Amino acid sequence: MTDMNFPTVITNTDQITNVAALEHWVTNQKASLTAQLESTGAILFRGFPIRSAEDFDRFALAFGFEHFTYDESLSNAVRINLTPRVFTANEAPPSVEIFLHHEMAQTPIYPHRLFFCCLSSANEGGATPLCRSDLLWQDFKSNHPDRAEPFEKLGLKYTTHMPGTDDSASGQGRSWRSTLSVGDKIEAEDRLRELGYTWEWCDDGSLLATTKALAAVRELMDGSQSFFNQVIAAHRGWKRHINSRSVLTFGDDSEIPDESLNLLADISSRHTVPLDWQDGDIALIDNYRVMHGRYPYRGDRKRQVVVCLAR
């Protein structure tokens, strides 16, 4: 079971009232905050003077991390930039659940740290589930070693469907032109080849791209291991097959048993905590240690959670 103190909550006990003072506070505290993040995996900042994407940008920038832009990413989510570093979390409709995942772990390029900021919370629902993948892996490997072994030994391959144009109705609707930062199919194939993908063009102009074998388990700085991948999101939220091709396999192209996938989804629920947003909240997440998602929401108040990524 995940620690009841997860995520760590830091409140504005110093009564910081403006963003300039908040930047100064972060600069003074960033060494201890970074160490705390590496230990617990997630920090929630509550009650600080964050009112806009620009305020959030300044807060994230004060940490001094190297930022990871949406344009350079291979994220398959449709997002909208609000500042050069801040963009919307996902443009999928409120009714769509986004299942647990490590940000961009289905690609060879991914961020280390994630900043989320709630500019406006939903009337009902819309929490961000957080799951400790180091605890999930420890649980799975200890209790089901035979099922865990092929994940660690073989890794995983992912097949992603990229439409010809952005589809904001899907949680994975970013076009291949935007995803790969290219203008035509020749440039797309050059980029895919550089990244180690294989691919297939579909009759409707969309693209199926399959990764090389990517590690399913990551070694963390403290010597522990994390189940760093997109297995649960792919199992619960992706189509199982596209053009007769499995969207998720082991690294040797063999099928992953449904029993293993169902076990992992069940175990993840024991290590998941919902982050119920309040306006102005910021969550800083270690993407290597912690998975996240999005629960559906409803109501006439627009939920607006924005993101800034860092290496």
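On the given criteria, is SER244 free of Cβ contacts under 8 Å to residues at least 40 places away in the same chain and at positive phi?
yes
When you look at ARG245, is it modelled with pLDDT under 95, within 21 Å of the chain's Cα centre (by Cα) and not aliphatic (A, V, I, L, M), yes or no?
Considered against the rule, which asks whether it is modelled with pLDDT under 95, within 21 Å of the chain's Cα centre (by Cα) and not aliphatic (A, V, I, L, M), ARG245 comes out as no.
Let me spell it out: the conditions are (1) closer than 19 Å to MET291 by Cα; (2) buried (at least 19 other Cβ atoms within 10 Å of the Cβ), and VAL9 meets all of them except one. Which number is the exception?
(2)
Which ones in region 182-212 are exposed (fewer than 14 other Cβ atoms within 10 Å of the Cβ) and assigned to a loop (DSSP other than H, G, I, E, B)?
GLY183, ASP184, GLY196, ASP203, ASP204, GLY205, LYS212
Run GLY155 past the list (1) out of contact with any strand residue (DSSP E or B) (no Cβ under 8 Å at 6 or more places or on another chain); (2) buried (at least 17 other Cβ atoms within 10 Å of the Cβ) and report the number of the one that doesn't hold.
With respect to (1) out of contact with any strand residue (DSSP E or B) (no Cβ under 8 Å at 6 or more places or on another chain); (2) buried (at least 17 other Cβ atoms within 10 Å of the Cβ), GLY155 is out only on (1).
Any idea which residue in region 41-93 is farthest from ARG174 (Cα to Cα), counting only those that are charged (D, E, K, R) and within 17 Å of the chain's Cα centre (by Cα)?
Residue satisfying both the conditions and the ranking: ARG85.
For GLU200, only one of the following conditions fails: (1) at negative phi; (2) within 23 Å of the chain's Cα centre (by Cα). What is its number?
(2)
For region 295-311, what are the residues that are under 28 Å from VAL19 (Cα atoms) and either in a loop (DSSP other than H, G, I, E, B) or aromatic (Phe, Trp, Tyr) (or both)?
ARG301, LYS302, ARG303, ARG311
The values are calculated or read from the model by the stated rules, or taken from the named source; none is laboratory data. Every value quoted in this text rests on a predicted model; they were computed, and no experiment measured them. Cβ: placed from backbone, ideal geometry, glycine included. Neighbour counts: every protein chain shown.
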